[in-house]
Amino acid sequence: DVKVTQSSRYLVKRTGEKVFLECVQDMDHENMFWYRQDPGLGLRLIYFSYDVKMKEKGDIPEGYSVSREKKERFSLILESASTNQTSMYLCASNGGTGHTNSYNEQFFGPGTRLTVL
Amino acid sequence: KQEVTQIPAALSVPEGENLVLNCSFTDSAIYNLQWFRQDPGKGLTSLLLIQSSQREQTSGRLNASLDKSSGRSTLYIAASQPGDSATYLCAVPSETSYDKVIFGPGTSLSVIP
C-alpha cells in the first residue's frame, strides 16, 4: 500500500516564525503536492513538484515555498508564519504520467493542523 | 476551465438506507475520476478510481459510475452504516496538467443510528 506520512499531526507556532512541514512517500512517485483546506473553501493547491528540485506554483503560493531535494520527500516552508496561514495542510503524491494507467490517482497523508498565534 | 460540483452539500439518512452521492464536471474529456472519503480532521482516503473506459467500479458496499458524455459520476452506498459518516469528495484530472486534479467541494454524509 502507498504510504504518505507527514511530520506532525498538530503544530502551534507564533506569528513570524519559520515553519517547516515535511511529507514523505514510499512508492517512488514522481509527483507530490501540498494543499491547504479551509471550511467553505475546499482544497486549494499551494505547490506541486513533478521531479526532484522541480516545482510549480499552484493556486495560492503566496507566503509559501517548497523544497524537494530527494524524490520521496517534499517540504512546505512558511518563511514568516501569519495568522491567516492557520489551516489544515495536506500532502499528496501520485505516480505521474506513464507510471501506470492510474497515473494521477492521488494518495494523501494524514494532514497537519497548523495554528499560528 | 474544469469545474467540479457536488450535490447535495450535506445529507442525513437513517442507518440501513441506500444512498447516492452526485458529482458533476464541466469538461467531459477526462481520463478518470476518483472518489475520496475524509473523516473530520483527517486526510483523504481514496475509495475508488474509475477510468474513462469503464462505466462502473465496485468496492464492497460502494459502487461508482461514470457517464462522461453527461459530465456526471455517482457514488452509490448500499445499506449505509454510522461508520460511513464522513465527507465524500470527487476529483477529476485538470485540463491543463494531466498530473494535477480538480476537487469537488464534497458532500457531508451523516448516517443516523
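Each reported figure results from applying straightforward, stated rules to the coordinates on display, with no laboratory input. All of these numbers come straight from a predicted model, not from anything done at the bench. Positions of Cβ are generated from backbone atoms using ideal geometry, with glycine treated the same way; all protein chains shown enter the neighbour counts.
Annotations for the structure displayed:
- With K and R counted +1 and D and E -1, the other residues having a Cβ less than 15 Å from that of residue A:80 yield a net charge of 0.
- Relative contact order (%) - segment B:1-106, alpha-carbon pairs under 8 angstrom, separation at least six: 34 percent
- Once both labels are positioned 7 Å from their Cα atoms along Cα-to-Cβ, the gap between residue A:69 and residue B:81 label points is 4.5 nm.
- Nitroxide proxy distance, nm - points 7 Å out along Cα→Cβ at residue B:19 and residue B:61: 1.1 nm
- Cut-off 14 Å (backbone N to label point 7 Å along Cα→Cβ of residue A:38), residues of segment A:58-72: A:59-64
- Unit Cα scatterers, Debye sum, chain A: log10 I(q)/I(0) for q = 0.10, 0.24 Å⁻¹: -0.27, -1.46
- For the residue pairs A:13/A:70; B:1/B:68; A:13/A:55; A:18/A:53; A:55/B:100, the alpha carbons lie more than 23 Å apart in A:13/A:70; A:13/A:55.
- All-pairs Cα distance distribution in segment B:3-113, expressed in whole percent, bin size 10 Å: 15, 49, 29, 6, 0
- Value of relative contact order over chain A, rounded to a whole percent, pairs C-alpha under 8 Å and six or more apart: 35 percent
- Counting every pair of alpha carbons in segment B:56-113, the share spaced more than 18 Å apart comes to 46 percent.
- The protein assembly as shown - convex hull of alpha carbons, volume per residue in Å³: 120 Å³
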